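Q: First the structure, then my questions, so here it is.
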Amino acid sequence: MTPYTVIALVVALSLAQYAFLAAAAGPRVIIVGAGMSGISAGKRLSDAGITDLLILEATDHVGGRMHKQNFAGINVEVGANWVEGVNGGKMNPIWPIVNSTLKLRNFRSDFDYLAQNVYKEDGGLYDEDYVQKRIDLADSVEESGEKLSGTLHTSGRDDMSILAMQRLYDHQPNGPATPVDMSVDYYKYDYEFAEPPRVTSLQNTVPLPTFNDFGDDVYFVADQRGYESVVYYLAGQYLKTDKSGKIVDPRLKLNKVVREISYSPSGVTVKTEDNSVYRADYVMVSASLGVLQSDLIQFKPQLPSWKVVAIYQFDMAVYTKIFVKFPKRFWPEGKGREFFLYASSRRGYYAAWQEFEKQYPGAPSPTGQLV
């Protein structure tokens, strides 16, 4: 589906197992990271009356992977780009902020015509009816997997990979193997999870709770203010800003790379790369899983073994977006011409293409995105 999704892991270190929050000023809390997780954590604490906060961010900006970059005369998103899960039974909490409060420019992503836009390695399109049959087969296998997923023990002890499920219901020992089947498989799974079916949990992704709860529609954010505006909006509800919206609150410190966290019953000490030292009662670490696995931050004493094992049991997926500007348009236009698949004999080789004529009409020349 859509980009999807890098995981932010929040590690809370409780420094006195049975300690109560101070009744007056409240505890002092350091939050490591000013991405969506860190800023949201600060808001929750502030809403609860805990305002003695210090947010340490390693980069020069708020937002984490929600960050814009100028390319070919327009701002594009380096990381997160979509609001996933809209128009369902429940309201996705981020959708009203994007669509109503901030009124960020957004577009419903139209995947309905994919079957007519699958290209061969040697040029030309595959027959639409043939592709649609392969998509229908993949959907049928996934529906069987969804039913199976609902019967598995909630503890996860019976969980399996999506590939194992595909073998079970499609009877292909190595999963989808033809160029078309591999491109459809990539679109359904890698494009959403940034990982292939062989390492993706069936029980935790089929059905995907985001779509199951909030709806199947996804909306592409293409606002020149950037998707990061959502994070700045949340931060502005408890951090001081100037008239331009810039955060000027001294409780937010940018370019502070945390390298060491020491904790004991008497409190925590956080040291940064520039040799600054900060002390507090509690620390919340909202850095990404990749940071936690890299040992960039040293914990003293080490985290409990059960927590270390949990961190390393997960995989930090790699998702690459490539924005490309061409001197002239060479792809078809019109209704149903937003997404294209390239059916390579090499699985995942530039499989998905999205064109941006509608999303970025002010671009100096036609632009496209390869993912």
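Q: From the residues in the range 266-278 that are touching a residue at least 40 places away in the same chain (Cβ under 8 Å) and not hydroxyl-bearing (S, T, Y), which one is surrounded by the fewest Cβ atoms within 10 Å (Cβ to Cβ)?
A: G267
Q: Something else: Among the residues of the range 351-362, is any among the hydroxyl-bearing types (S, T, Y), surrounded by 15 or more Cβ atoms within 10 Å (Cβ to Cβ) and touching a Phe, Trp or Tyr at 6+ places or on another chain (Cβ under 9 Å)?
A: Within the range 351-362, not a single residue is among the hydroxyl-bearing types (S, T, Y), surrounded by 15 or more Cβ atoms within 10 Å (Cβ to Cβ) and touching a Phe, Trp or Tyr at 6+ places or on another chain (Cβ under 9 Å).
Q: Give the range 1-54 a look and list any residue that's within 21 Å of K307 (Cβ to Cβ), in a loop (DSSP other than H, G, I, E, B) and at pLDDT 95 or above, or say none.
A: Across the range 1-54, the qualifying residue is only G33.
Q: Do you know which of the residues in the range 282-296 that are assigned to a loop (DSSP other than H, G, I, E, B) and buried (at least 21 other Cβ atoms within 10 Å of the Cβ) is modelled with the lowest pLDDT?
A: A287
Q: List every residue pair whose Cβ atoms lie under 6 Å apart, where the two residues are 6 or more positions apart in sequence or sit on different chains, the first residue falls within the range 183-206 and is free of Cβ contacts under 8 Å to residues at least 60 places away in the same chain and of a type in the set (S, T, N, Q), and the second residue, located anywhere, is crowded, with 19+ Cβ neighbours inside 10 Å and not in a loop (DSSP other than H, G, I, E, B).
A: Here the result reads T200/I162; T200/F193; Q203/S149, each pair linking the range 183-206 to a residue that is crowded, with 19+ Cβ neighbours inside 10 Å and not in a loop (DSSP other than H, G, I, E, B).
Q: Can you tell me how many residues within the range 42-61 are buried (at least 21 other Cβ atoms within 10 Å of the Cβ) and farther than 19 Å from G290 by Cβ?
A: Residues in the range 42-61 being buried (at least 21 other Cβ atoms within 10 Å of the Cβ) and farther than 19 Å from G290 by Cβ: 3 in total.
Q: Report whether or not L148 is of a type in the set (A, V, I, L, M, F, W, C) and more than 24 Å from S344 (Cβ to Cβ).
A: yes
Q: Related question: Looking only at the range 194-225, count every residue that is over 20 Å from G156 (Cα atoms), out of contact with any Ser or Thr (no Cβ under 8 Å at 6 or more places or on another chain) and outside any strand (DSSP E or B) and tell me the total.
A: Summing the residues that are over 20 Å from G156 (Cα atoms), out of contact with any Ser or Thr (no Cβ under 8 Å at 6 or more places or on another chain) and outside any strand (DSSP E or B) in the range 194-225 gives 8.
Q: Of the conditions (1) under 23 Å from the mean Cα position of the chain (by Cα); (2) not in a helix (DSSP H, G or I), E146 clears all except one; give me its number.
A: With (1) under 23 Å from the mean Cα position of the chain (by Cα); (2) not in a helix (DSSP H, G or I) applied to E146, the lone miss is (2).
Q: Right, something else. With the condition kept exactly as written, say whether any residue in the range 121-137 is closer than 27 Å to N204 by Cα, among the hydrophobic types (A, V, I, L, M, F, W, C) and surrounded by 20 or more Cβ atoms within 10 Å (Cβ to Cβ).
A: Checked the range 121-137: no residue is closer than 27 Å to N204 by Cα, among the hydrophobic types (A, V, I, L, M, F, W, C) and surrounded by 20 or more Cβ atoms within 10 Å (Cβ to Cβ).
Q: Return the residue satisfying two criteria in turn: it lies in the range 255-265 and is surrounded by fewer than 19 Cβ atoms within 10 Å (Cβ to Cβ) and in contact (Cβ under 8 Å) with a residue 60 or more places away in the chain, and of such residues it is farthest from the chain's Cα centre (by Cα).
A: In this case the residue turns out to be P265.
Q: I want to confirm something. Restricting to the range 65-79 and keeping residues that are at pLDDT 95 or above and within 30 Å of Y282 (Cβ to Cβ), which single residue is surrounded by the most Cβ atoms within 10 Å (Cβ to Cβ)?
A: Per the criteria, the residue is M66.
Q: Which pairs have Cβ atoms under 9 Å, sit 6 or more apart or on different chains, and link a residue in the range 137-158 that is at positive phi to one that is modelled with pLDDT of 95 or more and hydroxyl-bearing (S, T, Y)?
A: G156/S201
Q: Being charged (D, E, K, R) and either part of a loop (DSSP other than H, G, I, E, B) or at positive phi (or both) is the filter here; which residues of the range 58-85 pass it?
A: Across the range 58-85, the qualifying residues are D60, R65.
The values are calculated or read from the model by the stated rules, or taken from the named source; none is laboratory data. As the structure is a prediction and not an experimental result, all values here were calculated from the model. Please note: Cβ atoms are built from the backbone with ideal geometry, for glycine as well, and neighbour counts cover all protein chains shown.
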